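Before any comments, here is the structure.
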Amino acid sequence: MQATTTTAYFSHPTMFTKQPTVDPLRASVGLLLSRAYSLPCSAAAQAFNQIVPPTSRFQLALDVMLPLLDPPAPLQQRILVSYMLYSLYAPHPIAINPFKSVLVAMFTREKDIATKTAEVGGISESEQLVWVLWKILRGDGSDIGPFTPTHLARSPVPPRLRASNLTLEEEPAATRPKFDPFGDSNSLESIKENGGSVATNGTSNGGSHYPGEPFEVTAERDRENAYASEGMALLLAARDRVLNLSEMRALNGLINPLTNPPMITSDDLAAIISKNPTLAHPVIAALVTANWDRDPDSVLQYLDILKHIPPTLPSFDVLGRLLRDPTRIRDSVTAEVTTIADLVRVEVLGWFIHESISWLENAEEEEKAGNISDDRFAKGVQHLCRFYNSLIKLGIVDPSSDADSTEMMHFSLRNSRFEEANGLYRTLAMGRF
């Protein structure tokens, strides 16, 4: 019965009209395609395979991926989608890939655009995309896997690999020149034949390679990609269901790379808080720690979600943990050092209390009107008053301060028929007088 009551909190009492349903699977794939730019292409593809059951992959590719092949989708996303359409059928020759005709048509169109741009002395932003499509359609798509879409999109293409020089003429695989990604050496084999060696930072003494990326795919690299894809899949799943203990353990070690850059949007936080509050705290803390100094506006967007979450036990759990988090962060404006606890107290706590009171007042009105029959209002009052009492005991709020406690004092007096509200009012009154 308690579980049912708690779950009921997450429907706002004024929202009784039927809302359009959102397919969580499509939402997860959409988020993956918009956030996985810093993951190797192969890791993003593995994450897709973990999220989507085999019977749904082709249809989701049609509905979600294909529309992202064309502008205005960003270049990184178009590169990632191209690779993922290839990877769905990677074990088979590219000739029988059902998306080959689409990829060929896009290659032809983008090559024509890039060639015309080059004729007038410019460089098309689709040069990198043309090269990626060329590699895929020649059957060398696996060469793209270790590299991230962001890196591929930002690296300049050498003159001999420009779009005007690339064709899809049939060539025997053994005679094809194997180029390093945007490098100037012919192949790994030719480097070794000339006495060169491959370094882990993507360079060798036999030629220049993709800067900052390993050229050779090692077992360790494969494991890292597998962990990254598993972490991305689990983080997306945490919005829709409660993770089990083993999944939580697996995800805990991957929170930092998944939040820097962020792999979830601010809108995902409310769902994670409701389903997995113990995960929500380290995720929010990592988002703040990694991004506060360089991009405070994005952090404030995440914190803004905390202002509007409903007054439920998971919400109080997450907010209570954050208000006690001593992790130090540097303010990008003043250069002063603060803590996550102080930041949440200043930016979130007052708004959260105000919104919680409004939420409960609406719930009370709906209850009186007979629109709801559960005890969300009574439970909400009890939980909010207990939460505020704990803040007083921890010294987070000052009961003698008008700014801190006036609104809660009025709320607790108005609902003093509840034992928890009566006790809180007495505490606040004693602090005032």
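Numbers for the structure displayed
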{"item": "Pro296, sole failed condition from (1) surrounded by 15 or more Cβ atoms within 10 Å (Cβ to Cβ); (2) within 13 Å of the chain's Cα centre (by Cα)", "result": "(2)"}
{"item": "Failed item in (1) modelled with pLDDT under 80; (2) within 20 Å of Ala290 (Cα to Cα); (3) open to solvent by 70 Å² or more (accessible area, probe 1.4 Å), with Pro211 passing the rest", "result": "(2)"}
{"item": "Subset of the stretch 27-55 [farther than 19 Å from Asp240 by Cα and among the β-branched types (Val, Ile, Thr)]", "result": "Thr55"}
{"item": "Out of Ala105, Ala3, sole residue that is at pLDDT below 85 and open to solvent by 10 Å² or more (accessible area, probe 1.4 Å)", "result": "Ala3"}
{"item": "Filter result (open to solvent by 10 Å² or more (accessible area, probe 1.4 Å) and either among the hydroxyl-bearing types (Ser, Thr, Tyr) or under 18 Å from Gln76 (Cβ atoms) (or both)) within the stretch 114-126", "result": "Thr115, Thr117, Ile123, Ser124, Glu125"}
{"item": "Residue pairs meeting the criteria (Cβ under 8 Å; at least 6 apart or on separate chains; first of a type in the set (S, T, N, Q), in the stretch 61-76; second open to solvent by 40 Å² or more (accessible area, probe 1.4 Å))", "result": "Gln76/Tyr37"}
{"item": "Count of residues meeting criterion [open to solvent by 60 Å² or more (accessible area, probe 1.4 Å), part of a helix (DSSP H, G or I) and either under 30 Å from Ser229 (Cβ atoms) or modelled with pLDDT under 80 (or both)] in the stretch 144-190", "result": "5"}
{"item": "Among (1) more than 12 Å from Ile329 (Cα to Cα); (2) surrounded by 21 or more Cβ atoms within 10 Å (Cβ to Cβ); (3) more than 10 Å from the chain's Cα centre (by Cα) - the single one Lys275 does not satisfy", "result": "(2)"}
{"item": "Residue match in the stretch 340-362 (condition: among the polar types (S, T, N, Q), at pLDDT 90 or above, in contact with a Phe, Trp or Tyr (Cβ under 6 Å, 6 or more places away or on another chain) and surrounded by 21 or more Cβ atoms within 10 Å (Cβ to Cβ))", "result": "no"}
{"item": "The stretch 387-433: number of residues that are at pLDDT below 90 and either among the small types (Gly, Ala, Ser) or open to solvent by 80 Å² or more (accessible area, probe 1.4 Å) (or both)", "result": "9"}
{"item": "Which listed residue is modelled with pLDDT of 50 or more and within 20 Å of Gly141 (Cβ to Cβ), from Leu25, Leu32", "result": "Leu32"}
{"item": "Residue within the stretch 404-421 that is touching a residue at least 60 places away in the same chain (Cβ under 8 Å) and within 18 Å of Glu347 (Cα to Cα) present", "result": "no"}
{"item": "Where a residue in the stretch 256-273 is farther than 13 Å from Ala285 by Cα and its partner, wherever it lies, is part of a helix (DSSP H, G or I) and among the aromatic types (Phe, Trp, Tyr), with Cβ under 7 Å and at least six apart", "result": "Ser266/Tyr302"}
{"item": "Check on Asp304, farther than 30 Å from Val381 by Cα, free of Cβ contacts under 8 Å to residues at least 60 places away in the same chain and open to solvent by 50 Å² or more (accessible area, probe 1.4 Å)", "result": "no"}
{"item": "Cβ-Cβ under 6 Å pairs, at least 6 apart or on other chains, the stretch 139-158 side in contact (Cβ under 8 Å) with a residue 12 or more places away in the chain and more than 26 Å from Gly122 (Cα to Cα), far side in a loop (DSSP other than H, G, I, E, B) and of a type in the set (Val, Ile, Thr)", "result": "Pro146/Val217"}
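Okay, residues lined up against (1) part of a loop (DSSP other than H, G, I, E, B); (2) within 16 Å of Phe316 (Cα to Cα):
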{"position": "Cys385", "(1), (2)": "no, yes"}
{"position": "Tyr388", "(1), (2)": "no, yes"}
{"position": "Ile392", "(1), (2)": "no, yes"}
{"position": "Gly395", "(1), (2)": "yes, no"}
{"position": "Ser400", "(1), (2)": "yes, no"}
{"position": "Glu407", "(1), (2)": "no, no"}
{"position": "Arg417", "(1), (2)": "yes, no"}
{"position": "Asn422", "(1), (2)": "no, no"}
{"position": "Arg426", "(1), (2)": "no, no"}
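The values are calculated or read from the model by the stated rules, or taken from the named source; none is laboratory data. Here the structure is a predicted model, which means the values were calculated and not measured. Glycine gets a Cβ as well: all are built from the backbone with ideal geometry, and neighbour counts include every protein chain shown. We work out accessible area using only protein heavy atoms, side chains counted, and drop any ligands, DNA or RNA first. Shrake-Rupley method; radii C 1.70, N 1.55, O 1.52, S 1.80 Å.
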